[in-house]
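To keep things clear, I will list the structure first and then write my remarks on it.
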Amino acid sequence: MEKRHPLGIADVLERISPDKRTDGARSLIERAYAVAERAHADQKRKSGAPYIQHPLAVAYLLADLGMDPATIAAGLLHDVVEDTDVDLRRLEQEFGSQVANLVDGVTKLEQIEEQMEQEQSAQRGDRSRGEREAESLRKMFIAMAEDIRVVVIKLADRLHNMRTLDPLTPHRRKAFARETLEIFAPLANRLGVWQWKWQLEDLSFRHLDPATYGDIVLLIKERRSEREASVQRHAEILSRKLASEGIEAEISGRSKHIYSIYRKMRRKGVPFQQVYDVRGIRVITQTIPDCYRILGIVHGLWKPIPGEFDDYIATPKSNMYQSLHTAVIGEDGKTLEVQIRTWEMHRTAEYGIAAHWRYKEGGQRDEALEAKIAWLRSLIEWRQEGVNANEFVDAMKTDVFRDRVYTFTPKGKLIDLPVGATPIDFAYQIHTEVGHQCRGAKVNGKMVSLDYQLKSGDQVEILTTRRGGPSRDWLNPTLGYTRTSRARTKIRQWFRRQDREQNIAQGREIVERELKRLGLERLSHETVAELFTYEKLDDFHAAVGFG
């Protein structure tokens, strides 16, 4: 829910979830507001509005999402360390380590963003600038991975900034919008926070392509009454049928958002009318058995379209999303899309990770929740393995933000992979050694080649050997053996360990030869290594030798 300015602390307190609305929570948030209000007293936004309106808006978004009091307090305080004379020590003394650590995490992100903005505006070589931006992105994702609540605060901060972007220059608006569309909207999607995801996309699209955005908005307005009347007719027919079967459910129209319409037009190469003429309704009921009963009733009322059914209840998406999706030919001969879910699934679909937020006493994490965000925790693993910045950002784009397939081990464990993943990717997702020892695979009980592209629902068994290791062919992109950055990184590391001495010797020869060819024999190898930001000469030679 968006609350218009001006906001007050009473608005934030009113939005706190009833189960978190304790005297202690109220006191914490009011004290955080008092500190933030004093700290930002003389500051203004670019729009001329009092600066305190921004942290209030961030806290309001967090409260509306159902976040815990510590996160809401940190939302109020998220800019005080960066922009005022309040320091972390004072925050820890007044609010405890949990709030202070959250503010510290967001502050680090703010500093990284400022560095990225400076790099983008600097007049330097494209390659080096790109590498510096990649390094900044790597730092940003690592900082977010330390505590998932930092990500949620950052998304709230980004959403409010996107809503108030107009005072910036056109160049800065576009740069900010592009970063939002490429990084923060996909992050919101991966966390399942649908209500923020579509807003981030639509707001970004408005600044990146205002003409097309305006055209779609105009077309939506022109056809709204016709569409709403059709949805209402279908909802009434279904509602009467469900009532006669004794099934309690809420039925509503499902609106399409502007950027999703644009993407569908581009993807399918069809005009607006063909995308927007598809009607959508959502049915929310009490139990999973009722979901399947409703599906049967929908298919009895209207003709189902072959190939348009997805069961995300049996196989949830990686962002925790669950629903039944089907498409039928409606009363008017046009496509009607139907989503069916329980109320619990609906809360997860709208609020994502926040719907499952359960921080225990003392800040301990809910293990079930942690399992659902394992993809974010893998960022810490990538950092520990020394993945360079460009590889890291590529990994984010392929392993984290790409569409997913949902596969299973023989024991039924869900393995979530990007579209196009192979049995080798599957093996490395289970364990590094399983990947190294992989020699074959069975999918649904049948032998397949190692470049086979897995599909949702596949049951995969990896055949291993105790001897040997990975093949260099697995790194050849033209052969298609691996799709995930995780698998490729593990394979490269295996070969680096095996061949390090040989790579060092070859690298030394290559550097010597290149310096001679360029007439730079006077440059020492140490100097060249420093230019490429290597602290150890052996590491530099090994990297050159490895290629």
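Observations on the structure shown:
- Stokes-Einstein D (µm²/s) once Rh is taken as the Kirkwood radius of segment 211-352 over alpha-carbon pairs, at 10 °C in 1.306 mPa s: 100
- In this structure, the amide hydrogen of Leu463, modeled 1.01 Å from its nitrogen in the peptide plane, lies closer than 5 angstrom to those of Arg439, Gly440, Ala441, Lys442, counting only residues at least 5 positions away or on a different chain.
- Couplings 3J(HN,Hα) for segment 447-455, derived from phi with the Karplus relation 6.51 cos²θ - 1.76 cosθ + 1.60 (θ = phi - 60°), are 5, 10, 6, 6, 9, 4, 8, 5, 10 Hz, where x marks Gly and Pro.
- Couplings 3J(HN,Hα) for segment 535-545, derived from phi with the Karplus relation 6.51 cos²θ - 1.76 cosθ + 1.60 (θ = phi - 60°), are 7, 10, 4, 4, 5, 5, 4, 5, 5, 5, x Hz, where x marks Gly and Pro.
- Computed from phi, the 3J(HN,Hα) profile of segment 193-201 under the Karplus parametrisation 6.51, -1.76, 1.60 (θ = phi - 60°) reads 8, 4, 5, 8, 4, 5, 5, 4, 5 Hz, with x in place of Gly and Pro.
- Cα-based shape type of segment 496-546, given that a ≥ b ≥ c are square roots of the gyration tensor eigenvalues and the cut on a/c is 1.5: oblate
- Between Leu301, Leu242, His257, the Cα set farthest toward the positive side of the dipole of segment 211-352 (charges on each charged residue's Cβ, about the Cα centre) is that of His257.
- Applying 1/(1 + (r/R0)^6) with R0 = 25 Å to the Cβ-Cβ distance of Glu501 and Phe532 gives a FRET efficiency near 0.75.
- For a straight C-alpha distance cut-off of 28 angstrom, the lysines reachable from Lys411 (same-chain residues fewer than eight places away being disregarded) are Lys317, Lys372, Lys442, Lys446, Lys455, Lys490.
- Between the amide H of Ile415 and those of Thr407, Phe408, Thr409, distances stay under 5 Å, these residues lying 5 or more places away or on another chain, with hydrogens modeled in the peptide plane.
- Cross-link reach is defined here as a Cα-Cα straight distance under 29 Å, omitting same-chain residues fewer than 8 places apart; for Lys46 the lysines meeting it are Lys3, Lys108, Lys139, Lys154, Lys174, Lys197.
- Amide H to amide H, with H built 1.01 Å from N, Lys317 comes under 5 Å of no residue 5 or more places away or on another chain.
- Anchor Lys268: lysines whose Cα lies under 19 Å away (excluding residues fewer than 8 positions away in-chain): Lys256, Lys334
Bear in mind that the values in this text are calculations on the coordinates, not laboratory data. This structure is a prediction, so every number in the text was calculated from the model and none was measured. Every residue, glycine as well, gets a Cβ built from its backbone with ideal geometry; the counts of neighbours run over all protein chains shown.
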